[in-house]
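Below is one structure, written out as structure tokens; comments come after it.
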Amino acid sequence: MGIPMKIGKKLKMAGICALFLMSFSGCKMVGAEVVVNADHADNEVFKIRDTVCTLQQARVVLTNYQNIYDTMYGIDLWNHGSKDQELENYVKDLTISRLAQIMAMDYLAQENEIVLTGEEQAKIKEAAGEYYGSLNDAEKEYMQVKQGDIETLYTRYGLANKLYTFLTQGVNDEVSDEEARVMEAEQIFVSDAETAKEVAQQLKEGNDFLTVANRYNEDAETEVFFSKNGVEPQMAEVVFSLENGEVSEEIKTADGYYFVKCINHYDQEKTDDNKSVILEERRKEAFDDVYQGFLLDLPSEFNEKLWDEVKVEVNPEVTTDSFFQVYEKYCVW
């Protein structure tokens, strides 16, 4: 249900997702007609119309995703005894869906007569040189990548970014403080009515909220942030009517029962950050209105056998995670 918005992590992810255009559908491939295991060259992961994504190009994005996730969460996600197969599949699917959409967007850019300028192409060459130059020998061998592969990827991302800007240029960029408001709170969540009655009685008798939370809260977190756009309307109506120090009555949801204490009814810094999230959501909607219809007639071919053979490997010498940072440095226009 996502009642308490984990605003810190969501905003951090939003910043990363902005580099990936923050508008991908999450599907493994795109288009109305997906041919699996069609005739491919040995290094072709997938093809959209006559444009190919090679294994080398896919490995660049896959490797960076793997290392970005390691850096983001501050732990080695790939070395916990038995490797998490679910996480590996997620990162591999993420790689394919991102690359497939980038290539599909490039075709849509062509239909809208959107091209890269000479200056933009020069920036792409410069970015590709910097990123490729940052790779050590082990990383180059692992990804089997050449500088030309990086330049091709950056060119595709650059054209897709121009399309995204073009399709979202009319979006209203005014987001009010109230619409984006984020509040700091403490919460107690219980899943059954009888326990909810006990919690309500404890709070009514004036017991300390955190003390009651430590005893009853079934959620992993007690201290949370709520955003108006991150909770269901009936929840928001109660939560955002609270002033500092106030405690709500029980709030019944599909998951169970919540009790909320307002610590700070208006967190200025997180509210300002949340405005960026809301604006990006508006842009995504505007983009999807055009893009989803375009996909219906876009055929694609996926070399599932080849991609299934690719494994997310742990190599202490392969730590590259700056592919998107370098792109952003040179190529966001």
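The values are calculated or read from the model by the stated rules, or taken from the named source; none is laboratory data. What you see is a predicted model, and the numbers here were worked out from it, not measured in a lab. Neighbour counts run over all protein chains shown; Cβ positions are idealised from the backbone, glycine included. Keep in mind that these areas ignore ligands, DNA and RNA; they rest on the heavy atoms of the full protein, side chains included. Shrake-Rupley method; radii C 1.70, N 1.55, O 1.52, S 1.80 Å.
Scaled against 2.2 N^0.38 Å for its residue count N, the alpha carbon radius of gyration of the stretch 251-333 is 1.85. Suppose the Debye formula is applied to equal point scatterers at every Cα of the stretch 180-331; what is log10 I(q)/I(0) at q = 0.09 Å⁻¹? One equal scatterer on each Cα of the stretch 180-331 leads to -0.54.
With R₀ set to 30 Å, the beta-carbon distance separating Arg215 from Glu237 gives a calculated FRET efficiency near 0.60. In straight-distance terms, cross-link reach from Lys47 covers every one of the aspartates and glutamates whose alpha-carbon lies under 15 Å from its own, apart from those fewer than eight places away in the same chain; here that gives Glu33, Asp39, Asp106, Asp297, Glu301, Glu304. Need the C-alpha centroid separation for the stretch 276-333 versus the stretch 206-244, integer Å. Between the Cα centre of the stretch 276-333 and that of the stretch 206-244, the gap is 35 Å.
Plainly put, the stretch 81-127 has a radius of gyration that is 1.25 times its Kirkwood radius, both from alpha-carbon atoms, as the Rg/Rh ratio.
For Lys146, a cut-off of 14 angstrom between C-alpha atoms picks up these aspartates and glutamates, skipping any fewer than 8 places away in its own chain: Glu130, Asp137.
Tell me the carbon and sulfur percent of the accessible area for the stretch 128-263, rounded to whole percent, probe radius 1.4 Å. In the stretch 128-263, the share of accessible area belonging to carbon and sulfur is 43 percent. Cross-link pairs exceeding 22 Å between alpha carbons, from the set Lys125/Lys162; Lys228/Lys275; Lys204/Lys261; Lys162/Lys270; Lys125/Lys329: Lys162/Lys270.
For Lys284, a cut-off of 14 angstrom between C-alpha atoms picks up these aspartates and glutamates, skipping any fewer than 8 places away in its own chain: Asp173. Residues in the stretch 201-251 average 61 Å² of solvent-accessible surface per residue, probe 1.4 Å, ligands and nucleic acids excluded.
Shape analysis of the stretch 195-254 based on the Cα gyration tensor places the equivalent ellipsoid semi-axes at 20, 13, 12 Å, largest first. An ellipsoid equivalent to the stretch 104-194, defined through the eigenvalues of its Cα gyration tensor, has semi-axes of 40, 25, 14 Å when rounded to whole angstrom and sorted largest first.
Above 16 angstrom, tally the Cα pairs of the stretch 135-182 and express them as a % of all pairs, no decimals.
65
The slack between Glu281 and Glu126, meaning 0.36 nm per residue of separation minus the straight C-alpha distance, is 52.7 nm.
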